[in-house]
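Reviewing the structure listed below.
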Amino acid sequence: METLQQLITPLTTAWYQVDSNELVSFGIFFAAMWLIAVVLEAAVKKVTNED
């Protein structure tokens, strides 16, 4: 458990030090990646259904 806490502590401190703007940009980036993945999945399903 101590090693886990040693890993988490620097992550949480870094998380609190990150600017909210950086946090927002990360959120937008992940949302865009998720959206692209959803669109690609739908396109692949459509193509495979047509064949």
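The values are calculated or read from the model by the stated rules, or taken from the named source; none is laboratory data. None of the values given here were measured: they were computed from a predicted structure. What goes into the accessible areas is simple: the full protein's heavy atoms, side chains included, and nothing from ligands, DNA or RNA. Shrake-Rupley method; radii C 1.70, N 1.55, O 1.52, S 1.80 Å.
Scan the stretch 21-28 and tell me whether some residue there is open to solvent by less than 80 Å² (accessible area, probe 1.4 Å), among the hydroxyl-bearing types (Ser, Thr, Tyr), part of a helix (DSSP H, G or I) and at pLDDT below 85.
Checked against the condition, which is being open to solvent by less than 80 Å² (accessible area, probe 1.4 Å), among the hydroxyl-bearing types (Ser, Thr, Tyr), part of a helix (DSSP H, G or I) and at pLDDT below 85, the stretch 21-28 yields no hits at all.
Out of the stretch 8-20, which residues are within 20 Å of the chain's Cα centre (by Cα) and part of a helix (DSSP H, G or I)?
Step one: filter the stretch 8-20 for residues within 20 Å of the chain's Cα centre (by Cα), giving 8, 10-20.
Answer for the stretch 8-20, where residues must be within 20 Å of the chain's Cα centre (by Cα) and part of a helix (DSSP H, G or I): Ile8, Pro10, Leu11, Thr12, Thr13, Ala14, Trp15, Tyr16, Gln17, Ser20.
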